[in-house]
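The values are calculated or read from the model by the stated rules, or taken from the named source; none is laboratory data. Just so we're clear, the structure is a prediction, and the values are computed from it rather than from any experiment. Positions of Cβ are backbone-derived with ideal geometry, glycine not excepted, and every protein chain shown enters the neighbour counts. All accessible areas refer to the heavy atoms of the entire protein, side chains included, with ligands and DNA or RNA removed. Shrake-Rupley method; radii C 1.70, N 1.55, O 1.52, S 1.80 Å.
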Amino acid sequence: MSMLLRRNSSQLRLLLSSAAQATRLASSGVEPPSAGQQEIRKQRRQPPPVVPDSEIKKSVFISQSSDVFTNLALEDWLYKNFDFSRHHVLLLWANDPCVVIGRHQNPFTEANVSRLVERGITLARRNSGGGAVYHDLGNLNCTFFSPRERYDRKYNLNIVTRALFREWAIKAEINERDDIVVMNKKISGTAAKLGHPNSYHHCTILASANKLHLGESLVREPANYISKATASVPSPIRNLVDVNRTVNVAQLRSAVGYEYLRTAATTLEDGGSKQTMQQRGFQLVNPTEKWFPGIEELRYNYSSWDWVIGKTPKFTVQKELEVKGDEQDMKLKLSVEVEAGLMKEIGIQLPQSDQLVPVVTPLQGKPYNEENLNGILGALKLVSASNVKQAINGSA
């Protein structure tokens, strides 16, 4: 492993040297190429040479961390820094209880964020698309790394289904959404990150996850959310242990890893033990700064409020309430506009009216969460109907 990292570190040094050389050229009066010249050069770029399967080696990296932010940082570090042109990698990792949402999702439409905090379940945002998933140590995560031109999602999913059949005779299928299902229930979801020169496809495998916590974690606060964020598609799920009680994460990790190593690099050709012996095998990796320089900064970014919550696309949440009146109660609708995770505009309106009356509260400009939303609702319920009418008439 250290040899592999040294090789990639040297690539980083070459990049730094190139940058320094460019600086020297600029300081010596040599003008950098214009935007037009750069575009022509891009057009002239030839596609990368095709590397035959026989020259591609494969490794299975097993993360020694169960911290979701560390594992997301490790995944990102490999994606940004590793050379996969002749060396494909499968990263296997598992996390302590957490909910992981897609890059373009709204966490408040996928889960009750305040309740997650109360239960000690971490909320994280990954760098790929797709829907929200619950992770715990009964769930195995697989990340298949390859050059962009070698990206093949179906190949990766077939590695998983073949491993399940070889190890436990479990017949799994790949549906039209690229989910892996067993007897019409989902055991694996999928997402990807496609860049240049690298790409990755990752999927989850439910082995023995806590289904009670899974169900409770992915229930949002009852309210009307107006949002353009990517929404998850709910599906019935199944643990592999419900199909075969002998399934466990350690054995699953081994089965998927060996299936990956024994299969040719770009075709689903089973090479058996001969193919396996020609690969670089299983390698335990310790995602620390010593092994992966810069990973601590990546982890800090992934765990930051600005990324997890602040990256949420703009949305509006509406919730109905009743205020007490002398003769009859008045039905109102609270409307909160949230941008970059902060409550920008807070107002109330009658159910059949478009008129929005601003609500004065010290929570304006503060982070949105279900606890703060219910705090505003609680305060409004103490206001009398007559005061609300005066406010509405006064703003008309």
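Under Stokes-Einstein, with the Kirkwood radius over Cα pairs as Rh, the value for segment 205-332 at 10 °C and 1.306 mPa s is 76 µm²/s.
ILE170 sits with roughly 10 Å² accessible to a 1.4 Å probe, with DNA, RNA and ligands left out of the calculation.
For VAL100, what charge total do you get from the other residues with a beta carbon under 9 Å from its beta carbon, if Lys and Arg give +1 and Asp and Glu give -1? Charge balance near VAL100 sits at +2.
Rounded to the nearest 20 debye, the dipole size of segment 200-357 about its Cα centre is 840 debye, using +1 on the Cβ of Lys and Arg and -1 on the Cβ of Asp and Glu. Excluding ligands, DNA and RNA, the accessible surface per residue across segment 223-379 is 56 Å² with a 1.4 Å probe. For LYS381, the accessible area of its heavy atoms, probed at 1.4 Å with every protein chain present, is near 110 square angstrom.
Of TYR300, TYR151, the residue with the largest accessible area leads and the full order is TYR300, TYR151 (1.4 Å probe). Surface composition of segment 53-309: carbon plus sulfur atoms contribute 50% of the solvent-accessible area (1.4 Å probe, protein chains only, all chains present).
Taken one residue at a time, the phi angles of segment 64-69 give Karplus couplings (6.51, -1.76, 1.60, θ = phi - 60°) of 8, 9, 10, 8, 4, 5 Hz. Gly and Pro are set to x. Legend: residues ARG245, ARG162, sorted from most to least accessible area (1.4 Å probe; ligands, DNA and RNA excluded), read ARG245, ARG162. Averaging over all projection directions, find the projected area of the Cα convex hull of segment 53-309 and quote it in nm² with one decimal place. Computing the convex hull of the Cα atoms and averaging its projections yields 13.6 nm². Its Cα gyration tensor gives segment 232-306 an equivalent ellipsoid, and the semi-axes of that ellipsoid, as √(5λ) in whole Å with the largest first, are 30, 24, 14. Heavy-atom accessible area, probed at 1.4 angstrom with all protein chains present, ranks THR190, THR246, THR312 as THR246, THR190, THR312, highest first.
For LYS381, the lysines whose Cα comes closer than 25 Å to its Cα, not counting residues fewer than 8 places off in the same chain, are LYS319, LYS324, LYS331, LYS333, LYS344, LYS366, LYS389. For segment 53-309, the tally of Lys pairs with Cα-Cα distances below 16 Å comes to 8, considering only residues 8 or more apart or on different chains. Short to long, the 5 Å bins of the Cα pair-distance histogram for segment 239-396 hold 2, 7, 11, 11, 9, 8, 7, 7, 6, 7, 7, 7, 6, 4, 2, 1, 0 percent of all pairs.
Take the Kirkwood radius over Cα pairs of segment 315-394, plug it into Stokes-Einstein at 37 °C and 0.692 mPa s, and you get 256 µm²/s for translational diffusion. Rolling a 1.4 Å probe across all protein chains gives TYR134 an accessible area of roughly 10 Å². Alpha carbon centre of segment 156-177 versus segment 272-341: separation in Å? Using only Cα atoms, the two centres lie 29 Å from each other.
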